[in-house]
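Below is one structure, written out as structure tokens; comments come after it.
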Amino acid sequence: MADVEFRNVCKIYDKKVHAVEDLSFVCHNGEFFAILGPSGCGKTSSLRMLAGLEDISKGEVLIGDKVVNKMTSRERNVAMSFENYGLYPDFTIFDNIAYPLRIHKTPEETIKKKVLSIAKKLHLLSTLDLKPSALSGGQKQRVSIARALVRNPDVTIMDEPLSHLDARMRSNMRSVIKHLHDQLGLTTIYVTHDQIEAMTMADKILIMNEGHKQQIGTPDEVYYYPVNIFVAGFIGTPQMNLIESSIRKNEDGLKAVIENTIFIDVSKYGENIYDGMNVSLGIRPKDIAISHKFEQGFEKGKIYVVETLGESTIISIQIGNTILRVEKDGYLTDWDFDDEIFFQIIPEHIHLFDNNTGMRIIPEDENKNDAN
Amino acid sequence: MDRKRTDKFKHILVLPALLIFVVITIFPLIFNIVLSLCNWKLGGNIQFVGLDNYIYAFKNGTFWRTMLNTVIVTIVAVAVEYVVAMILAYNINKLIHGKKFIRIIMLLPMLMAPVVIGFMWKQMFNELYGPLNHLLSLIGISGIPWISQSGWSLVAVILVDIWEWTPFITLILLAGFQSLPKEPIESARVDGAGEGRIFFDLTFKMLLPSSIVAITLRAIETFKIFDTVYIVTAGGPGVSSMSASMYAYQVGLRNFSLGKAAALCVIMLIIVLGVFQIVTAFRKKSSKNYHKNDLILEEENFSVYNISKEAEEG
């Protein structure tokens, strides 16, 4: 078990493609650390550098207190589960899972015990005598996870391990992986593009985009205090509403103005904003109140579309050129296309992002020093 | 109706190929078997002699001597070719630059006419002024009787075959290497396996299909070796380096005992088919996912065609 640290790590392919730029983070011993980002953001490259499968172009990677840049995968004592499984085609499933133990010269007795116990946890007992070609995609992926978890490495690396599973198996496997992580006391680095996986499993999330680190924080930090527009839009389903807006001064002080008609109180930002500033206003779909008739502080809009998800209903409201999505619990049937709707953007829940820098503007009363 | 007509049309399209196949493969094969049961001197009448030719063949020490030569050449040459090719392919595959260039160079021995290769090596092996003995003398080995002593002459034949055909196996294996999936090898590396272990546990096993194709093709071809022997050693001294197919040629086209030669060819054909059955059974056992049957079937026809053609010519 050990801490993992990236210090200003860069990965450059073929001298031109900058896959990872100046990435620094620390994953403490025992943490479940998720790297989250859209495809092509450099998350897999980072993992492969950690596993010793790619050279590190610049910077240092540390496992424990040792710089591992020059070490082979073998010397780093890491285990990895691959997105495309990486199973050994000519071995049975038992031998596949047993392989890392055999390499480390574990006695056969212990191997048998460990393999059977992990296979049981991952529902693989019936497949142990088969070869990988006889397995379904989901089973292969579980074998790959089993093989990574069967020995106690310093760091367990998982590259999108759930991407090929169906929804039910995926949510089941999420809890299995998290449970094994806690039970075995692993240090896990987990790459995914699925924010639900990251939010539900991780102690800490690193969000990357285009090779750059965007934010590191706990799931609630990245959800409630997104550091910039990218993170705000990436975390949360349905996506946060991000609306073009500008700051204007009227008799009551500074207001964020949307479509020239809606004025939202932004007094909580105090000195951090100024008259005439171009901002993006972010509001989560859950944080908008709606009503059939006019109430104090509500604005009028038109229903653009209603999407029912069973457990919740998403109503899109059109105001001028802007579409505002609202999420309400339950299966709502009392809203129809083209109906009038009254809504209120609750000022306490809004985020403002500086359009010039993309960074979040921090309210004056926010004691919490932003994640990072 | 329409469907039936198009079916007929398909059959008509296949017909020319089928006719050619019958004329140059099936007919010679049957003719070869019939001939092996007859006594036919060129120009004379054909007499049916029953199994006399086979009895002659089984009692013929020279034939079995040449058969032994053939088996030795086949086993040793193909084994050495495979090992050398595996080492070459493994290392070439790791190169970053120059792969294409090496692949082109590798094709050269196969592009050359076998007769040219034969004459080239005959000069190389020349015991008095050949470059090979000269080079060996530089490191203190002198006067190797490449062609004039039995034993060495067989070595000479094997060397030429290795030189000529190692690149072929290398190319097949190289293609195999390049189509290997990366993930198993990478995961083995992360699991802590060393390069040697990765090779024997994974790479070698994953390359078995390519290996079996290469070895089968080469074994069948080498079993019929003729041109190299004919030019480099002429089978000599005596019959010490003569291959079975060259002996069949001598019997048939030097002594004009076509019936006897045909019998020899049928025996060789049966041996090849027998070995092939064993290889097929082994292949089926070793890998279920392997779908190269078509290629091998083609090769089977090809070998039948060649052997019967040799008996047929003249």
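Coordinate-derived values only; no laboratory data. As the structure is a computational prediction, the values presented were derived from the model and not from experiment. Neighbour counts are summed over all protein chains in view; Cβ atoms, including those assigned to glycine, are modelled from backbone coordinates with ideal geometry.
Numbers below:
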quantity	calculated
Over chain B: helical MRE at 222 nm, DSSP H runs n ≥ 4 each giving -39500 (n - 2.57), nearest 500	-22500 deg cm²/dmol
Percentage, to the nearest whole number, of Cα pairs in region A:216-310 over 17 Å apart	62
Total charge dipole magnitude, the protein assembly as shown, about the Cα centre, Cβ charges on Lys, Arg, Asp, Glu only, Debye to nearest 20	3860
Calculated Rg and Dmax of region B:191-283 using C-alpha coordinates, Å	19.3, 67
Most mobile listed residue (A:197, A:75, A:299) in chain A, GNM with C-alpha springs under 10 Å	A:75
For region B:1-147, alpha-carbon Rg over 2.2 N^0.38 Å	1.74
Inter-probe distance in nm under a simple model that places probes 7 Å from Cα toward Cβ, at residue B:42 and residue B:10	4.6
Residue B:128 versus residue A:60: modelled label distance in nm, points set 7 Å from Cα along the beta carbon direction	7.4
Kirkwood Rh (inverse of mean 1/r, distinct Cα pairs), region B:59-313, angstrom	20.1
Radius of gyration and Dmax over the Cα atoms of chain A, both given in Å	24.5, 80
Other-chain or far-sequence residues with amide H under 5 Å of residue A:361's (modelled H)	A:352, A:353, A:354
Rh (Kirkwood; distinct C-alpha pairs) - region A:101-161, Å	12.3
Between region A:76-91 and region B:196-233, the Cα center-to-center distance that results, in Å	31
Euclidean distance between Cα centres, region B:159-185 to region A:244-288, Å	68
Gaussian network model of chain B, springs between alpha carbon atoms under 10 Å - residue of B:52, B:161, B:201 with greatest fluctuation	B:201
Scattering profile of region A:182-229 at q = 0.18, 0.19, 0.24, 0.32 Å⁻¹ [log10 I(q)/I(0), Debye over alpha-carbon scatterers]	-0.57, -0.63, -0.95, -1.37
Where chymotrypsin sites (Phe, Trp or Tyr not before Pro) fall in DSSP loop in region A:211-251, at most 16 other Cβ within 10 Å	none
Interchain or long-range residues, amide H under 5 Å from residue A:326's placed H	A:315, A:316, A:317
Amide proton proximity set for residue A:31, modelled H, under 5 Å, gap of 5+	A:188
GNM result for chain B, Cα springs below 10 Å: residue of B:187, B:241, B:148 fluctuating most strongly	B:187
Modelled FRET efficiency - R0 25 Å, residue A:39 with residue A:203, Cβ distances, 0.05 increments	0.55
Chain A, relative contact order in percent, only Cα pairs under 8 angstrom and at least six apart counted	15
Global size of region A:1-111 as Cα Rg and Dmax, reported in angstrom	15.9, 51
Two-decimal log10 I(q)/I(0) for the protein assembly as shown, as the Debye equation yields it once each C-alpha is a single scatterer, q = 0.11 Å⁻¹	-1.14
Residue pairs, from the table A:105/B:205; A:58/B:182; B:100/B:284, whose Cα atoms sit over 30 Å apart	B:100/B:284
FRET efficiency for residue A:366 and residue B:99, using Cβ-Cβ distance with R0 set to 51 Å, rounded to 0.05	0.30
